[in-house]
Amino acid sequence: MSDVPAVKAALKSQAVETPSWAYGNSGTRFKVFAQPGVPRSPQEKLDDAAQVHAFTGVAPTVALHIPWDRVEDYGALAKYAEERGLKLGAINSNVFQDDDYKLGSVTHPDPAVRRKALDHLLECVDIMDATGSRDLKLWFSDGTNYPGQDDIAARQDRLGEALSAVYDRLGDDQRMLLEYKFFEPAFYTTDVPDWGTAYAHCLKLGPKAQVCVDTGHHAPGTNIEFIVALLLREKRLGAFDFNSRFYADDDLMVGAADPFQLFRIMYEVVRGGGLTSGVAFMLDQCHNIEPKIPAIIRSVMNVQEATAKALLVDGDALGEAQRTGDVLGANAVLMDAYNTDVRPLLAEVREELGIDADPMGAYRGSGWAERIVSERVGGQQAGWGRSACAGPFPTPPLPESGGKPPGPRPAPPTAAGPQSRTCGTRLPPPPRPIRRDRPGPHKEDVMTAEPHPEAAALLERSHRLGADPRNTNYAGGNTSAKGTATDPVTGQDVELMWVKGSGGDLGTLAHSGLAELRLDRIRALTGVYPGVDREDEMVAAFDYCLHGKGGAAPSIDTAMHGLVDAAHVDHLHPDSGIALACAADGEALTKECFGNQVVWVPWRRPGFQLGLDIAAIKKANPQAIGCILGGHGITAWGDTSAACEANSLHIIRTAEEFLTTRGKADPFGPVVHPTLPHAERRARAAALAPVIRGLASSDRPQVGHFTDNDTVLDFVSRAEHPRLSALGTSCPDHFLRTKVRPLVLDLPPDTPLDETITRLKELHTTYRTDYAAYYNHHATPDSPPMRGADPAIVLIPGVGMFSYGKDKQTARVAGEFYVNAINVMRGAEAVSTYSPIEESEKFRIEYWALEEAKLQRMPKPGPLATRIALVTGAGSGIGKAIAHRLVAEGACVVVADINTGSATAVAQELGGPDKAIAVTADITSEEEIKAAFAQATLHFGGVDILVNNAGISISKPLLETTTHEWDLQHTIMARGSFLASREAARTFIAQNMGGDIVYIASKNAVFAGPNNIAYSATKADQAHQVRLLAAELGEHGIRVNGVNPDGVVQGSGIFASGWGAQRAAVYGVPEEKLGEFYAQRTLLKREVLPTHVANAVFTLVGGDLTHTTGLHIPVDAGVAAAFLR
């Protein structure tokens, strides 16, 4: 093609897809090499991919790898990509990194393993639906290592069955890309070893099945361009995975090993129409030793250069030489194109696209590499096999907790050792073999407390069920197992039951969380049961059924597990099951969904009578595997642990499928409130957060949590959300945490902020009146006192949801439970009408004497519980010590520091996002201070305490102090404190909850030390700010105080950065003796440490000095010259 404009047009339209995993850490089987700045999440991978696209102009899509890129909300991830100018590309499956796949995945001899692998592939199609991806890329490591290991033909049959099932699930606009590889990890046979095998399977499946050619997956010397030409001719070339190789599957940068081969391949692509026929050009590389982003940019450029050369081949001259048999002439035509320097042409193309002509140079000058190295400190870097578990049917969003409950839940220790979990699994793994031969009674070792095998198996089942939020909500549900053991006292066999005790979570259940009871005594309770009116008395009776030390306290559901005649019982709260349980015609829908396999049980409050009801229903329906509990959840049973787990999952997944296939598309009605764009939405939320927190704290202070995931935003945008939210939640676990109903703003998102705040205050007053009426209407003389009339959930159309609780975890979990409730409403409305239990029943649960007793047993909160502190300069020294002390006393802390890495490390030390978050803030920047407070209010709901601690120190005499040093000292400390205090005051006043501002000043604010003009004058400025602000802000209940330390040497970033050396020189002592020198000049002869300053801060904000403001507390071990007068 000699038409330069046409060549340019073709180059501009070419798109190269980059792989998400190329941005993460990688290596060889010997070592995975970490690099600084590597992404820690799929979102950060997209941030890096956006840089590649920005500098090349032709990399608009990013391939995902599941589970390495697993997230809870794929629609939100797609939106995140779109906001960065990207789209999500091929979804790559992973059926090669699980222990179960040692002998294969879809070709494994075991049907259970094959089903597990197939479920993962189908899950990937679900993800394609959510992301809008066109392509599903399949590569199978399946094969054998030894002759006779397995039936080669049978493995092809199994492969074909799996591919057919996946193909049938594809949408009309979706494709399957089948990749091949001639060996590794299998060495004797590989089930998809070459293009011919892949082509044969695709041909049998249909036109949506295409071959993917990985340029590194061929034997040495293979003519890859021949394969490309043939597949293009047959219209079966779907995609490339570009990389380079010297020996085997090296995954080096494309074009690095044999650029001439890449040119030959691209020539066949151009000649065969591959540039315009939908062929996907993907990179599949691992950059083990080279920097990630530059390597990917270079790879994209290599593909562009090979394509440009291929486009420049003189087709007419080549055709003429071929027709006349001019061998050398034909080869010369190709070589002329290959030897053309296309870099000037590509530079013109890039300039016409509006980007820099030199992508590599532009990236190096952008500062992005330095930025991500400085910002991406802490957390877990992405790399091979790094993922979080989640599932496709409506699930709660991933919390901001970084692994705190309820998800993703950490694998807890079990009796058998660390728990191994697989992501994307829909069927349970094969059951433990320990009970297959039904051994005799287990003799427990009372000296070592060796767990009973049934208890160990129960823990493993519980962890699998609890790890997937589709199965049950956080701390919801319970599981049990029955077995026989030897009584250590009588030596006789005794039937026992192990059941999850009161409190705790299935996903992290430990052996200590199991209650261990004697079955004969539980069953005997039926003879003394006084009836449903007095069933609460039976909870105390469970204590008399405990075996040995008994373990955890038995829960209210113990009777359900003990009285049902089944060896294993699961009681769970899945969204899909509760949706049927809360549908107006739930009983009929249960029959339609399950036939007689699952039985309907009308609503009854949890307790002994419900256990009797379920036991009777199971006895009357021997064919049943479980039941739907009206307004509540599900219960399943089985003769073995594996059967019980399978029955639970069958009920949950069948209900999911029923709701999806039978339900209407928009159960919440049309959109009436458009969602604000991300930046505008977050700014609006940050402005509203302090106001709403103040309203929600009218009775007692609360910590907040903000949620704006797709589930919430879609719900509050729809016409039916006011009606449905007024009906309240249904499942007891839901409304115990969310209250009977939320407060819902009834204004559009674009309403002016002041009008919105006014309306929120009006609605809050109405809410409190209505809640008091609800309490008074249903309360009896025996009811506990009203616990507070403020809402726990506040819904803001176009913005999101605020949730509140006594601490961050409680607030977060309340929000997650309301997301569960939204999913329940969606499911019920899709197939029927949402009909929760009666309000009177909700009251009986909310103000249940047993729930009240549970609340009374909870540990007394710390003195700073519900208080949120922002500490500047908290990445080291005094600020770090203050942050640690405040968290130890119950506060949530925002660790603000100019050094992102230090702040992140401290936040992690403090316990992670439920206790502390890190924010990067230059306190001299008005915008960064505002942003820090916005982050604080979005994460914790507001701020109650500001500690102005950040600063620097310059020690010089007057004549040596420059104007720059003077300005720098004052800008950081005087201006910085002013900016932070002003933003804190705005937040405090909006909350209307008072507040504390504490300045870490210095004894130098009143003591005229030598050679210290800039520092001491600035400290005096800060000290007077304390007095001025105390006088001005007192009317708002805001107290302003200060702490005046002497020199704090140990752990101090200031002293370590040169101040220590300067002061030591002034006093004529060695720097390492400076702390001792300071101590000896004090009255108490003691060195001041960071913890001493932290103690003073706690004293000021801890609740004992409520009537103190404008005070400076000396923490200097007694410096007479610094006495306050």
Note on LEU203: of the conditions (1) under 21 Å from ILE227 (Cα atoms); (2) among the aliphatic types (A, V, I, L, M); (3) crowded, with 19+ Cβ neighbours inside 10 Å, unmet is (3)
Among (1) at pLDDT 65 or above; (2) in contact with a helix residue (DSSP H, G or I) (Cβ under 8 Å, 6 or more places away or on another chain); (3) β-branched (Val, Ile, Thr); (4) outside any loop (DSSP other than H, G, I, E, B), THR472 falls short only on (4)
The strands (runs of 3 or more DSSP E) lying entirely within the stretch 510-586 that contain at least 1 residues which are under 22 Å from TRP848 (Cβ atoms) and in the same structural domain as THR479 (by TED's automatic domain parsing) are 514-518, 568-572
Considering (1) assigned to a helix (DSSP H, G or I); (2) within 32 Å of the chain's Cα centre (by Cα), say which one VAL269 fails and leave the rest. (2)
Need the failing condition index for HIS764 against (1) over 20 Å from LEU724 (Cβ atoms); (2) touching a Gly at 6+ places or on another chain (Cβ under 7 Å); (3) not polar (S, T, N, Q), just the number. (2)
Residue in the stretch 934-941 that is crowded, with 22+ Cβ neighbours inside 10 Å, part of a loop (DSSP other than H, G, I, E, B), at pLDDT 95 or above and in the same structural domain as MET993 (by TED's automatic domain parsing) present: yes
Taking the condition within 17 Å of LEU1111 (Cα to Cα), touching a residue at least 40 places away in the same chain (Cβ under 8 Å), in a helix (DSSP H, G or I) and basic (Lys, Arg), does ARG1027 pass? yes
Restricting to the stretch 127-141, name every residue that is at pLDDT 95 or above and acidic (Asp, Glu). ASP135
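Residue by residue through the stretch 762-776, note down the ones that are out of contact with any Pro (no Cβ under 6 Å at 6 or more places or on another chain) and free of Cβ contacts under 8 Å to residues at least 60 places away in the same chain.
The first filter runs over the stretch 762-776 and keeps only residues out of contact with any Pro (no Cβ under 6 Å at 6 or more places or on another chain), leaving 762-766, 768-776.
If the condition is that a residue be out of contact with any Pro (no Cβ under 6 Å at 6 or more places or on another chain) and free of Cβ contacts under 8 Å to residues at least 60 places away in the same chain, then GLU762, LEU763, THR765, THR766, THR769, ASP770, TYR771, ALA772, ALA773, ASN776 are the ones that fit.
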Within the stretch 488-512, work out how many residues are touching a residue at least 24 places away in the same chain (Cβ under 8 Å) and surrounded by fewer than 20 Cβ atoms within 10 Å (Cβ to Cβ). 8
So which residues in the stretch 154-199 are touching a Gly at 6+ places or on another chain (Cβ under 9 Å) and aromatic (Phe, Trp, Tyr), if there are any at all? TYR167, TYR180, PHE183, PHE187, TYR188
Scope the stretch 595-642; condition among the acidic types (Asp, Glu) and either assigned to a loop (DSSP other than H, G, I, E, B) or in contact with a helix residue (DSSP H, G or I) (Cβ under 7 Å, 6 or more places away or on another chain) (or both); matching residues: ASP639
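Quick grid of which residues meet (1) under 26 Å from the mean Cα position of the chain (by Cα); (2) surrounded by fewer than 18 Cβ atoms within 10 Å (Cβ to Cβ):
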{"site": "ILE868", "(1), (2)": "yes, no"}
{"site": "GLY879", "(1), (2)": "no, no"}
{"site": "HIS884", "(1), (2)": "yes, no"}
{"site": "ILE898", "(1), (2)": "yes, no"}
{"site": "THR904", "(1), (2)": "yes, no"}
{"site": "ALA907", "(1), (2)": "yes, no"}
{"site": "GLY911", "(1), (2)": "yes, yes"}
{"site": "LYS915", "(1), (2)": "yes, no"}
Pairs with Cβ under 8 Å, 6+ apart, first in the stretch 325-345 and more than 20 Å from LYS8 (Cβ to Cβ), second among the polar types (S, T, N, Q): ALA330/GLN322
Note on the stretch 1062-1082: residues surrounded by fewer than 17 Cβ atoms within 10 Å (Cβ to Cβ), among the hydrophobic types (A, V, I, L, M, F, W, C) and either modelled with pLDDT of 80 or more or not in a helix (DSSP H, G or I) (or both) are ALA1065, VAL1069
In the stretch 843-869, the residues that are charged (D, E, K, R) and modelled with pLDDT under 90: ARG844, GLU846, GLU851, GLU852, LYS854, ARG857, LYS860
Regarding ALA1117, is this residue on the phi > 0 side of the Ramachandran plot and surrounded by 15 or more Cβ atoms within 10 Å (Cβ to Cβ)? yes
Within the stretch 762-778, is even one residue under 33 Å from the mean Cα position of the chain (by Cα), surrounded by 17 or more Cβ atoms within 10 Å (Cβ to Cβ) and either among the β-branched types (Val, Ile, Thr) or in the same structural domain as GLY477 (by TED's automatic domain parsing) (or both)? no
If I ask for residues that are among the charged types (D, E, K, R), within 25 Å of GLU83 (Cα to Cα) and over 23 Å from the mean Cα position of the chain (by Cα), which ones from the stretch 1-52 would you list? LYS12, GLU17
Counted residues in the stretch 944-1002 being crowded, with 21+ Cβ neighbours inside 10 Å and of a type in the set (Asp, Glu) come to 3
Quick one: which helices (runs of 4 or more DSSP H) lie wholly within the stretch 692-761 and hold at least 1 residues that are touching a residue at least 12 places away in the same chain (Cβ under 8 Å) and of a type in the set (Lys, Arg)? 732-738
In this structure, does ASP135 turn out to be of a type in the set (Asp, Glu), in contact (Cβ under 8 Å) with a residue 60 or more places away in the chain and over 30 Å from ALA76 (Cβ atoms)? no
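The values are calculated or read from the model by the stated rules, or taken from the named source; none is laboratory data. Owing to the predicted nature of the structure, the values given are computational and were not obtained by experimental measurement. Positions of Cβ are backbone-derived with ideal geometry, glycine not excepted, and every protein chain shown enters the neighbour counts.
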